[in-house]
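What follows is a single structure, written as structure tokens, with notes after it.
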Amino acid sequence: MTFGFETLAIHAGQEPEPRTGAVVPPIYQTSTYAQDAVGAPRLGYEYSRTQNPTRDALQECLAALEGGRMGLTFASGLAAEDALLRTVCRPGDHVVIPDDAYGGTFRLFAKVAQRWGLDWTAAKISDVDAVRAVVRPGQTKIIWVETPTNPLLGIADLAALATLAHEHDAFLAVDNTFASPYLQQPLVHGADVAIHSTTKYIGGHSDVVGGALVAADEGLGQELAFHQNAMGAVNGPFDAWLTLRGVKTLGVRMDRHCDNAERIVEFLSAHRRVAQVLYPGLPEHPGHETAVKQMRRFGGMISFRATGGEAHAIEICNKAELFVLGESLGGVESLIEHPCRMTHASAAGSPLEVPADLGRLSVGIETVDDLITDLDHALA
Ligand SMILES: Cc1ncc(COP(=O)(O)O)c(C=O)c1O
């Protein structure tokens, strides 16, 4: 029997607990497990870095939601990214990264992995030929994309990039944080691994930091599981439980994020103090057709360029009240930020530097008219 997305979000990996029938998976707040005899751990549980039932439930649920074979969860999105890099790459390898990506992801490549001998090239991932031009046959191990990208909301054609990666025996790794598995399932389009900052839409309530990898095949999944244990950046049981509690409502939350974002895009597009609205749902967005092919809807993230340059973008961020000025995204509450000085400050002076007149909104699920009133005031 195959189940729909919302059914999987509520039930996958979350059968009632066998001893008491507890409907919600318990928080197994334990570091270790009593073994029945030397060499006979009960149900295979030895030590909580290696396995924990609460984490197992989350991992199974995320694998089901992404349509993958194995899910692995971590202490943060960056810990998940690091585990993927160190599982797949060796010194001397090369990775293609987006020329628009989360600043922390760029920092991981440019300031950490590069020191260990991993070379990288930034490419415009919305242009398959531009990516093809920088692939180094025999040396490129991963084509790494975000779609939509953070913060410019660029769109990558997942099926075309999967074909390109596989022609070169490379992996296509897709950071699916902005879309969430409800709006887009990269593995269905040929990607090898989906990456998440579960801190964002999956957790959904701005109360827990975490990350996840979902592998399309068992072989890569097992290698990732080995590294998850060997490197040790796992999420704790309470964090796994909070994330699992959040994911149950992912579908309904995403629909409301999208409804609200569509109304706000309409409002901003008509505003005389907004020079440009970046949103893949707009027909004039260069990635719109590709987004229609691979996304259910277009998400809750919107970026805009202010008519008055950097000072104006900062003024809007400072004046907003209901939109909380803060980093992160994907929670039920709306956030506003200035990427150039906040989330993407680490990309200054690099090919990933973002425009200074840019503001980014993470549209929450509040009453949309209140959100529009707040933006109207901030823009006035
Ligand atoms: C698209 C994207 N990927 C990865 C990350 C990193 O995740 P974390 O902050 O959970 O380490 C972020 C964080 O903002 C992000 O926006």
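The numbers here are math on the coordinates, done by the rules we state, and not lab data. The shown structure was predicted, so the numbers you read here are calculated from the model rather than taken from an experiment. Here the Cβ positions follow ideal geometry from the backbone for every residue, glycine too, while neighbour counts run over all protein chains shown.
Quick look at the values:
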| read-out | value |
| --- | --- |
| Dipole in debye (nearest 20) - the range 203-303, about Cα centre, beta carbon charges: Lys, Arg +1; Asp, Glu -1 | 460 debye |
| Cα convex hull of the chain, projected area averaged across orientations, nm² | 19.4 nm² |
| Computed label-point distance, nm, for sites ARG136 and ARG90 using a 7 Å Cα→Cβ extension | 1.5 nm |
| Calculated log₁₀ intensity ratio I(q)/I(0) where the Debye formula runs over C-alpha points of the range 65-130, q = 0.22, 0.24 Å⁻¹ | -1.04, -1.13 |
| Kirkwood-type radius of the range 274-332, with distances r between different C-alpha atoms, in Å | 13.3 Å |
| Rounded to 10°, Cα long-axis angle of helix 237-247 versus longest principal axis of the chain | 50 degrees |
| Acute angle (nearest 10 degrees) that the helix 218-231 long axis makes with the longest principal axis of the chain, alpha-carbon atoms | 90 degrees |
| For peptides 207-219, 364-376, 173-185, sequence by mean Cβ density within 10 Å, most packed first | 173-185, 207-219, 364-376 |
| Per-bin percent of Cα-Cα distances, the range 48-187 [10 Å] | 11, 41, 36, 10, 1 |
| Prolate/oblate/rounded call for the range 129-226, Cα gyration tensor, a/c under 1.5 rounded | oblate |
| Mean Cβ count within 10 Å, highest first, over the residues of peptides 140-149, 313-322 | 140-149, 313-322 |
| Sites LYS319 and GLU284 - FRET efficiency at Förster radius 25 Å, r taken between beta-carbons, to 0.05 | 0.35 |
| Modelled FRET efficiency - R0 35 Å, ASP207 with SER269, Cβ distances, 0.05 increments | 0.60 |
| Furthest towards positive pole of dipole, GLY13, LEU322, LEU158, structure part the chain, Cβ charges | GLY13 |
| FRET E, pair ASP376, ALA348, Förster distance 41 Å, beta-carbon r, rounded to 0.05 | 0.85 |
| Cα shape, the range 106-183, gyration tensor, a/c 1.5 rule | oblate |
| Environment charge of MET342, counting only residues whose C-beta is closer than 11 Å and scoring Lys/Arg +1, Asp/Glu -1 | 0 |
| Interatomic Cα distance distribution for the range 232-325, bins of 5 angstrom, percent | 2, 11, 15, 18, 15, 13, 12, 8, 4, 1, 0 |
| Rounded to 5, the percent of DSSP beta bridges in the chain classed as antiparallel | 60 percent |
| LYS111 versus ALA230: modelled label distance in nm, points set 7 Å from Cα along the beta carbon direction | 2.7 nm |
| Electrostatic dipole magnitude of the range 1-147 [Cβ: Lys, Arg +1; Asp, Glu -1; Cα centre; debye, to 20] | 540 debye |
| Two-decimal ratio, the range 320-380, of alpha-carbon radius of gyration to 2.2 N^0.38 Å | 1.21 |
| DSSP bridge pairs, the range 83-236: antiparallel proportion in percent, nearest 5 | 25 percent |
| Rg/Rg_globular for the range 93-138, with Rg_globular taken as 2.2 N^0.38 Å and Rg from C-alpha atoms | 1.14 |
| Furthest towards positive pole of dipole, GLY219, ALA179, VAL134, structure part the range 100-229, Cβ charges | VAL134 |
| With Cα atoms, 0 to 90° folded angle of helix 77-88 axis to the chain main axis | 60 degrees |
| Bins of 10 Å from zero: percent of alpha-carbon pairs in the range 174-238 | 20, 46, 31, 2 |
| Burial ranking of peptide ranges 51-59, 115-123 (average Cβ count within 10 Å, highest at the top) | 51-59, 115-123 |
| Cα-centred dipole magnitude for the range 332-372, charges only on beta-carbon of K, R (+1) and D, E (-1), debye, nearest 20 | 260 debye |
| CD proxy at 222 nm, helix term only [per DSSP H run n ≥ 4: -39500 (n - 2.57); per residue of the chain; nearest 500] | -10500 deg cm²/dmol |
